[in-house]
Every structure is written in structure tokens, then in C-alpha cells.
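K.L.:
Would you mind keeping the following structure in view while I ask a few things?
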Amino acid sequence: MTLTRRRLRVTGTVQGVGYRPFVYRHAVDLGLRGWVRNDSAGVLIDVEGEASTIDILQRLLVEQAPPLARVTSVTSEIVDSTAAGYSSEGFEIVGSDAAGAASAPVSIDSATCDDCLAEVLDPGDRRYRYPFTNCTNCGPRYTIVLRVPYDRPMTTMAGFAMCPDCLAEYHDPANRRFHAQPNACPACGPRLVWHDLSSGQRATGDAALSAASAALRSGKVVGVKGIGGYHLAVDATDAAAVGELRRRKARDDKPFAVMVADLESAATVVELTAAARAELTSPRRPIVLAIRHPSDSVTDAVAPRLPELGVMLPYTPLHHLLLADVDRPLVMTSGNLSDEPIAHEDRDAESRLGPLVDGLLSHDRAIHIRCDDSVVRASGRQPQLLRRSRGYAPEPLSLPFEPSRAVLALGAELKSTIAVTKGSTVVPSHHLGDLEHLATYRAFLQAVDHLPALYGVTPELVAHDLHPEYLSSKLAEELDIPTVAVQHHHAHVAACMVEHGRTDPVVGVTFDGLGYGTDGTMWGGEVMIADLGGFERISHLRSAPMPGGVAAIREPWRMAAVWAIHAGVDPARALPAVDATSVAAVAALAERPGAVTTTSAGRLFDAVAVLLGGRSRVTYEAQAAIELEALARTASRRQLPRYELVCEDGVLDPSPLVAALTRDHAAGMDSALLAAAFHESFGRAAAALAAGVASDAGLDTVVLTGGVFQNALLTEVVESALTAFGLRVLVHSLVPPNDGGISVGQAAIAGWISRSG
Ligand code: ZN
Ligand code: ZN
Ligand code: FE
């Protein structure tokens, strides 16, 4: 028997996920000799045995990897005879080598695994009802890591010294908790604390949990500290409690997410497709948007007038215990006031959430990185991420090429994320929020330092939005690194191209809110030919003034007045719900030369929503358009009236469509039918336009992107029309179509440009 000796290099997310014990077990089973260790590049294995046996191990390294591992590559080299011999006869796990630049990614925060849950529910187990139980297959990661390499002293668990029992698990290669950095038990780990803000009473441990459950059962609002921040929780079946939460949070209509105990309970609340089940039970545990059951137990006030409901399953032992004790669905919404960022630091939570809650259920394990729940829509043809945050960040996505310089991309302004490139991958940050809030801006600055450091990247190029007034653009100028300004909608298209591994030219259709154009006006209804190197704007929506600027976003009736005028309709008659003086003032404002104009499709949807009888003022972004889609979904798509739009010299003019809709609405035609007809007519016209552009340019692929494509009905219409033209349609799935995806597109464009100079 001839023995060979090889070194196997494993890269990817392979630290803090139980990878070394997994290697150890298989190596021992196969009778191999050698060692495995973590280093700054990932995991290194030095192994001696029969060549065919080592081949088996090499295959298992990928095929049988532990649940949280993401193996990018396994490479192998022969060890030359001068290498140091082994210090033992068998196989062993040796200490980490922290030298060199950190480059081993930190894993995602992951939902409690079945093994840990079984312990938490077992009265005989030493972790019975312990809310911070975790192991190498589950638990917090990204949100507790201060620095790399990922080791307990570098996490917010540093202050908790493990008890002898926990230490024994930690050092036992055969144990599920071998090197589980957040390992803890009731004897040595974090503790729950309850603070009743009205009585001032405090409790700890299981008594804290009982007090919080009792408060929730009696309709109180409770702040609950989770993985990435605090939630505000109330009984989702109690209309008065939900109403009280809305009042205190100053949140009128924006839907809340609901946490239910298990899949069975979820099925009583929403329609569960196979995709929805898979998303709900995945260790990433996002909020899953699914079609709501009409006769559910969740009160209407949770998501007023919407056909969908956001549902999630418990992802920490604390959630499991709380849901079991309260025994009804709970609203679990970000712990903040209105649009501020989620509270994640204890003192900050006391002061900011104090006025909103009756009690706080907290604990003493600090959250280093604030991370909101992710949101996935699972009611469409394929799941689509609308917010990519906890459970996804900081996982890298593949780029279809390797940039020659490391790029830091600073994103846009709303729904901000940043991203950094590392080799041929791009790492998007967690969701940061709207930069206009000071606390969000601070989180943004923290991410700009933290994310490159986690990945051991020194940015050599900074990509930012073309908009000179975005805070992210301003920061780019201050960083003293060469910058690349990227047009907003080009970035949207590029983000979608990255998902599909494309670098070559496509037709990009971007229907969006607002984005700064190369001509200094606000774009948002664009058809372009684009690749990663550049774009050409071929066609766009007819531009319209935005009377009052951002006021036109909060008050969509202003855009309705503008489009009525474009359509030759008297705005005062088209808007009976708005007082005539205001309408006249806005009409005059719109005519004024020098008014801000936009080609935004989002603003057109707002306008049509109002003209068909929808709300004239919104309480959250895109509310009018979202309710228009909901209304359209109630109509049958068969026998819809068809309306025409005109396209001349590359300008798509929806005025004839608006005129016809307004006329038929005034004549008493059903508004649901008209809403559906609008989606159908506008979507088909856009598809015909894109198909014409594709055919002229000899291209076969169309990308659909921008915030308006969160509208699933519009996406269906455009996609099926384009498919009928024989075109390939690319839509988003892993990167949000909204501005949360901008940083990924910016990184790809700047990275591509870095190769050519
Ligand atoms: Zn576990
Ligand atoms: Zn312990
Ligand atoms: Fe956008």
C-alpha cells in the first residue's frame, strides 16, 4: 500500500459552522492521518493515506458539508517531503492560525436547529427552556461578530466565561458544540430580563418570560430583544392592541409582520405554496409575504386592505418559548418609531422604545450589528427578496467576472445597503434604511468600516450614485479613494445581470420611483441598452412635472392632477375628493417653467391610483400604487377593456390611457376592472416597446428591474408579453428590485470598468 500526503484548501463560509469537526469525523471514519485547522483563508487540511481514500474525503468536503457551510472551492496539492511530520498517530484538529489578512467570511445568523430546539423543550435537559441555546449548526453569527477571525473573544460573547460543562462540549470534536463560539447554558450564558415600565417591576430568567407572556396575553405592547434588534410585539388577534401599537408607533397603515408558532399555524393564516413553506422553514427565516386567508384569526388592522400578509416562524429559542407560552400569533415589527432604524442597543432601546411599550423583554448578550428581518415574496412564480438582511447578510454573491480592483459600493439613499467586492464575489451588507435619519447614517458609516474589514478588503475604488445630493455620494467624495459615479437605473439593471451571471448587452426596463439621470432630471421609466460597461437610454416615459417636489410623493393627488392635465381632463373634475383651490394651485405650479420633472413610472402608478378613486395622501412609500395592485387583483383578467398608449420618438406617452381610464371611471365602470386594465395595457405597451428595442439592436434578453417591479401583477403582464415575443426575461430573485439592490449593481459596474483601465 502506497501512502500519499496532500493538502486540501477549502474556501467559502467554512468557519464557525462546524466544518472542522465534520472533517475530523470523516477523516477518522476513513482511517486517514493528519490534521485540520482554520486559517485566514478558510480551512486547511493536511492528510495522509491511500490516494483513493483521500479522493473520497475530498468529495465529501463538498457533498456532505454542514448545513451552514457554503463551500466555494476545494483545491488539493501534494505535500513535499520537507514538510513537518505529524505530531500524532491519528487525525486531529489543531489551533487556528490568525496570521495574514482576514478573508474567511463570517456565516449568517441562523435559526435554532431541531437538535437545539429538542433540548430546549426537554424537561430533563440542562438547557430546558434556556432562550440562548445554540450550536455550530445554528445561532447568532454576523450580528455578534466584532472582528475576524471568528473566535469567541472577537464576539459579544467575550464577557461570558464558559462553565465546565460548556467548555467540555466546546473542546470535544465529537460534540455538536465543538468550537461553537456563542455556546452558552443557564449556568454561564446570557440571561433574560423583564422590565415592566408601568409598575417598574423587574424579573429575570423564566420569570421574565412568564411576565412578558402574561403582558402580551392581556393586550400589552412588549419590546422583545432578538438577534438583530428589538421587535415590538402584540397579540395579532387583538384589534385593540394592534391599533394601540399603530397609534404609539405613529404608523397608520403600513403592514406589520406576524410571527406564528409553526408551519401548521402559518397555514391557517396564509396560503402556503411549496415555495412559501421552503422559505418559512429555511434557517434564514425571512418574513414571507403570502396570500392571506380570508377567514384567519389575525385581525385586519395588521395589514389593512392588502391581499398579502408577512409571516415568519420563530428563529431563536426565545421566540419558540414566547410563541408557545402566549399561544397565539404575535405581531413582530421593528422596534422603532415610524421610519427610524431598528433599536439594537439596550440603553438606546430603553430611551427610544420606552414610550412605545408597556414592558421590555431584554437580555445581556449585546448586538453588534443591527440587522432587520429579511422579506421574501413567495406568492409569485418564484420567490423574490424584497429586503435582503438577517439570514442573508453577509453572504457573498458570485460576480460573472473578477474585478481587477476591490470596489466599495455605497448604494443609494432610501433602503440603503452597501457592498464590497472580494475576488469574483460581491458582498452586500444588511439593510441599513433611509440615510436621512441620523441613526441610519451612523449605521451606514459603521458598515462602511466594518464590512470591508470582515472580509479583509481594502477598497481601491468607490462606486456611488450619480445623485450629487445623496449622503452616500457625498461620503464617496470624502473617502480619498478614486470614485466611479453610476447612473441609478444602470445600477438597477446591472444588479439583475449579476444575479443571472450576465455581462453582455441586454435591454433594461427600469420602472422605478426616482433616480438621478445624466441630464439632471429625475428618471424612473427607462428603457435602455446596457451592459456592465455602460448604457444608452433608448426610450422613456413621457416626463411630467412634480409639483411640490417630494410633496408629490406623499400626496399622489398632485401627480394625478398633472396627468389629468396631460390627458386633457379637467383636474378638478377628476379629483372630486381634493378641494378645488388646492387643485388649481398645483395645476398652476405644474405649468411653471423650471419645475422639477420626472419620467418615473412609480409616480404614474400613484396618479392612476388616485384617478381611479384611491387615496389622495399616503402614509407609507408607494401605498397608493400597492393598493391599486391589490384592487386590480380582485378583477378577472378576462374580458378587460384594452387601452392604447402612444410611443413617438422613443417617448412612451400614457396620456391617452389616462384619458380613457378617467372617462370610464366617471361613467361608472368598476374601478377594480379599470385598475386591472391599466396594469394590462401599460404592461403590454412597455413590453412591445422593449421588444422593438431588442429587435432593432439584435438582442434577445430583457431585464425587468426597479421598485415598481415589486408589483407582481405588472411583472406577470410584462413577462408573459415579452415571452410571447420570443424574448428571454430576467427578473430579480436574490437581489431586491428596489434600491436595496443598487449597491450590488454599482459594485459590478465599477468592478467591470476597473478591468479596462
Ligand atoms: Zn443548534
Ligand atoms: Zn455553560
Ligand atoms: Fe431606484
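The values are calculated or read from the model by the stated rules, or taken from the named source; none is laboratory data. For clarity, every value in this text was computed on a predicted model and none was experimentally measured. We place every Cβ from the backbone using ideal geometry, glycine too, and count neighbours over all the protein chains shown.
K.L.:
Can you say whether residue 552 is part of a helix (DSSP H, G or I), crowded, with 24+ Cβ neighbours inside 10 Å and at pLDDT below 95, as far as the supplied structure shows?
P.N.:
Values: part of a helix (DSSP H, G or I): yes; crowded, with 24+ Cβ neighbours inside 10 Å: yes; at pLDDT below 95: yes.
So residue 552 fits the description; yes.
K.L.:
Filter the stretch 115-143 for residues that are more than 15 Å from ligand 1 (Cβ to nearest atom) and not in a loop (DSSP other than H, G, I, E, B); which is surrounded by the fewest Cβ atoms within 10 Å (Cβ to Cβ)?
P.N.:
Among those residues, the one meeting the criterion is 143.
K.L.:
Checking residue 492 against (1) assigned to a helix (DSSP H, G or I); (2) within 15 Å of ligand 3 (Cβ to nearest atom); (3) surrounded by fewer than 24 Cβ atoms within 10 Å (Cβ to Cβ); (4) not acidic (Asp, Glu), which test does it fail?
P.N.:
Here residue 492 meets the rest and fails (3).
K.L.:
Of the residues that make up the stretch 188-195, is at least one in contact (Cβ under 8 Å) with a residue 12 or more places away in the chain and of a type in the set (Gly, Ala, Ser)? Break it down stepwise before answering.
P.N.:
So in the stretch 188-195, the residues in contact (Cβ under 8 Å) with a residue 12 or more places away in the chain come out as 188-195.
Filter once more, so that each one left must be of a type in the set (Gly, Ala, Ser): 189.
Checking the stretch 188-195: at least one residue is in contact (Cβ under 8 Å) with a residue 12 or more places away in the chain and of a type in the set (Gly, Ala, Ser).
K.L.:
Can you tell me how many residues in the stretch 351-388 are touching a His at 6+ places or on another chain (Cβ under 6 Å) and acidic (Asp, Glu)?
P.N.:
1
K.L.:
Looking at the stretch 495-508, which of its residues are of a type in the set (Gly, Ala, Ser) and crowded, with 24+ Cβ neighbours inside 10 Å?
P.N.:
Here is the first cut: in the stretch 495-508, the ones of a type in the set (Gly, Ala, Ser) are 495, 501, 508.
Residues satisfying the conditions are 495, 508.
K.L.:
With the stretch 335-388 as the region, which strands (runs of 3 or more DSSP E) entirely inside it contain at least 2 residues that are among the small types (Gly, Ala, Ser) and modelled with pLDDT of 95 or more? Give the steps one after another, and end with the answer.
P.N.:
Working: elements: 359-363, 375-377, 384-387.
Correct list: 359-363.
K.L.:
Kindly establish whether residue 92 is within 16 Å of ligand 2 (Cβ to nearest atom), among the charged types (D, E, K, R) and outside any loop (DSSP other than H, G, I, E, B).
P.N.:
Values: within 16 Å of ligand 2 (Cβ to nearest atom): no; among the charged types (D, E, K, R): yes; outside any loop (DSSP other than H, G, I, E, B): yes.
The answer is no for residue 92.
Residues checked against (1) more than 16 Å from ligand 3 (Cβ to nearest atom); (2) crowded, with 17+ Cβ neighbours inside 10 Å; (3) at pLDDT below 95; (4) not in a helix (DSSP H, G or I):
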residue	(1), (2), (3), (4)
176	yes, yes, yes, yes
180	yes, yes, yes, yes
193	yes, yes, no, yes
203	yes, yes, no, yes
211	yes, yes, no, no
224	yes, yes, no, yes
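K.L.:
Could you say whether any residue in the stretch 224-235 is of a type in the set (A, V, I, L, M, F, W, C), within 15 Å of residue 327 (Cβ to Cβ), in contact (Cβ under 8 Å) with a residue 40 or more places away in the chain and assigned by TED's automatic domain parsing to the domain that holds residue 294?
P.N.:
Taking the stretch 224-235 as the starting set, the residues that turn out to be of a type in the set (A, V, I, L, M, F, W, C) are 224, 227, 232-234.
Narrowing further to those that are within 15 Å of residue 327 (Cβ to Cβ): 233-234.
Narrowing the set further to residues that are in contact (Cβ under 8 Å) with a residue 40 or more places away in the chain leaves 233-234.
So of that shortlist, the ones also assigned by TED's automatic domain parsing to the domain that holds residue 294 come out as 233-234.
Checked against the condition, which is being of a type in the set (A, V, I, L, M, F, W, C), within 15 Å of residue 327 (Cβ to Cβ), in contact (Cβ under 8 Å) with a residue 40 or more places away in the chain and assigned by TED's automatic domain parsing to the domain that holds residue 294, the stretch 224-235 yields at least one hit.
K.L.:
Just need a number here: residues in the stretch 687-711 that are touching a strand residue (DSSP E or B) at 6+ places or on another chain (Cβ under 7 Å) and in contact (Cβ under 8 Å) with a residue 40 or more places away in the chain. Step through it out loud before you land on a result.
P.N.:
Initial filter on the stretch 687-711 (touching a strand residue (DSSP E or B) at 6+ places or on another chain (Cβ under 7 Å)): 689-690, 693-694, 697, 699-710.
So of that shortlist, the ones also in contact (Cβ under 8 Å) with a residue 40 or more places away in the chain come out as 689-690, 693-694, 697, 699, 701-710.
Total meeting the criteria: 16.
K.L.:
Also: Within the stretch 535-544, identify whether any single residue is basic (Lys, Arg), assigned to a strand (DSSP E or B) and within 24 Å of residue 722 (Cα to Cα), and answer yes or no.
P.N.:
The first filter runs over the stretch 535-544 and keeps only residues basic (Lys, Arg), leaving 537, 542.
Narrowing further to those that are assigned to a strand (DSSP E or B): 537.
Then keep just the ones that are within 24 Å of residue 722 (Cα to Cα); that gives 537.
Within the stretch 535-544, one or more residues are basic (Lys, Arg), assigned to a strand (DSSP E or B) and within 24 Å of residue 722 (Cα to Cα).
K.L.:
Do we have residue 603 as away from ligand 2 (no atom under 16 Å from the Cβ) and either assigned to a loop (DSSP other than H, G, I, E, B) or free of Cβ contacts under 8 Å to residues at least 24 places away in the same chain (or both) here?
P.N.:
Numbers: away from ligand 2 (no atom under 16 Å from the Cβ): yes; either assigned to a loop (DSSP other than H, G, I, E, B) or free of Cβ contacts under 8 Å to residues at least 24 places away in the same chain (or both): no.
No, not satisfied.
K.L.:
Would you be able to tell me the number of residues in the stretch 19-35 that are surrounded by fewer than 24 Cβ atoms within 10 Å (Cβ to Cβ) and not in a helix (DSSP H, G or I)?
P.N.:
The qualifying residues number 5.
K.L.:
Take the stretch 452-474 and flag every residue that is of a type in the set (A, V, I, L, M) and surrounded by fewer than 23 Cβ atoms within 10 Å (Cβ to Cβ). Spell out how you get there, then give the answer.
P.N.:
Taking the stretch 452-474 as the starting set, the residues that turn out to be of a type in the set (A, V, I, L, M) are 453-454, 457, 461-463, 466, 471.
Of everything in the stretch 452-474, those that are of a type in the set (A, V, I, L, M) and surrounded by fewer than 23 Cβ atoms within 10 Å (Cβ to Cβ) turn out to be 453, 457, 461, 466, 471.
K.L.:
Of everything in the stretch 414-426, what is surrounded by 23 or more Cβ atoms within 10 Å (Cβ to Cβ) and either in the same structural domain as residue 229 (by TED's automatic domain parsing) or more than 12 Å from residue 389 (Cα to Cα) (or both)? Give them in sequence order.
P.N.:
419, 420, 421, 426
K.L.:
Could you please find all residues in the stretch 275-300 being surrounded by fewer than 20 Cβ atoms within 10 Å (Cβ to Cβ), touching a residue at least 24 places away in the same chain (Cβ under 8 Å), in a helix (DSSP H, G or I) and touching a helix residue (DSSP H, G or I) at 6+ places or on another chain (Cβ under 8 Å)?
P.N.:
Residues satisfying the conditions are 281, 300.
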